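Working notes, beginning with the structure itself.
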Amino acid sequence: MQLLTSTVGRKILMAITGILMVLFVVVHLLGNTSIFIPGGLNAYAEHLHALPPLVWAFRLAMLTFLVVHVLYGIQLTLENNAANPKGYAVKRQLKANFSSENMIWTGLLLLLFIGYHILHFTVRVTPDIVQGVDSLGRFDVFTMVVSSFSHGIISLIYVAAMVVLFLHLKHGIQSFFQTMGWSSDRSLPVIVKVGAVVAVIFLIGYSSIPVSILTGILSK
Ligand code: HEM
């Protein structure tokens, strides 16, 4: 129970739920890159939805991770602010930077993005959505994604969200290792670099999809 009440316990739960969501971000990026293989994205989506109970179990798990991560994130930030009011700059974080100072804001923006993204490509209720089937009778995810990102403003929203994701994970990944106590004075600089590189890979990898569509590299 200490895990749910103590500051350290709640930080550990945030770290674990955070890293599990990072694993999802890795898998989702790998899946999405199938858009660059002809017919790849539709085949991938079809396989993904082949076992609905598994899909729903996975969604429930992800939702639980998200709720725990967000609620504890808000709670710990409020407690931290109450303990260190602004203007009393003694207990500032060591080596703070834009990314580490704005975790609550980048986190809340990501929550907003995830809400929009699910309404967009999962629930498919935004006005830009084009729904149909391909020549093999599969749901045409490829045409849906390409049609949406052909709107400059939608591509811009996604690339901006990927910059926010980059800022959140640049600090978040290294923070996971520190919270778990898996870093030392020697390993920390390496962990910080690896975290930043992984965050850049997500930024470039995800952004490459809207950018490829806007520039005509990918088209219907
Ligand atoms: C260019 C970037 C992205 C593209 C093209 C993309 C594409 C998609 C598509 C097509 C779906 C619907 C899958 C289906 O129902 O068949 C989906 C679902 C989803 N995506 Fe993304 N995605 C992108 C970025 C992201 C990022 C950065 C995150 C997380 C921070 C994310 C989180 C999710 C979630 C949580 C779902 C719902 C999964 C479900 O249906 O249960 N996506 N995405």
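General remarks:
- For K11, the aspartates and glutamates whose Cα comes closer than 15 Å to its Cα, not counting residues fewer than 8 places off in the same chain, are E79.
- Phi to ³J(HN,Hα) by Karplus 6.51 cos²θ - 1.76 cosθ + 1.60 over region 179-184, Hz, x for Gly, Pro: 4, 6, x, 9, 9, 10
- Ordering of 161-170, 117-126 by burial proxy (mean other Cβ atoms within 10 Å per residue, highest first): 161-170, 117-126
- Placing a label point 7 Å from the Cα of V200 along the Cα-to-Cβ direction, the residues of region 143-164 whose backbone N falls under 16 Å from that point are 163.
- Between L112 and V190, the C-beta separation translates, for a Förster distance of 41 Å, into a calculated FRET efficiency of about 0.80.
- Dimensions (Å) - the chain, Cα atoms, principal axes, largest first: 63, 38, 34
- Think of the chain as a dipole: +1 on every Lys or Arg Cβ, -1 on every Asp or Glu Cβ, centred on the Cα centre; then among W182, G137, A161, W182 lies furthest on the positive end.
- Residues H49, H69 arranged by fewest to most Cβ contacts within 10 Å: H49, H69
- Under 18 Å from the Cα of K95 - aspartates and glutamates, other chains or at least 8 residues apart: D185
- Nearest-ten-degree value, helix 188-214 long axis tilted from longest Cα axis of the chain: 30 degrees
- Charge dipole of the chain about the Cα centre (unit charges at C-beta), most positive-ward option of L66, V8, L112: V8
FYI, it's all coordinate maths here, none of it is from the lab. Note that the coordinates shown come from a computational prediction; the quantities given were computed from them, not determined experimentally. Here the Cβ is made from the backbone with ideal geometry for all residues, glycine too, and neighbour counts use every protein chain on show.
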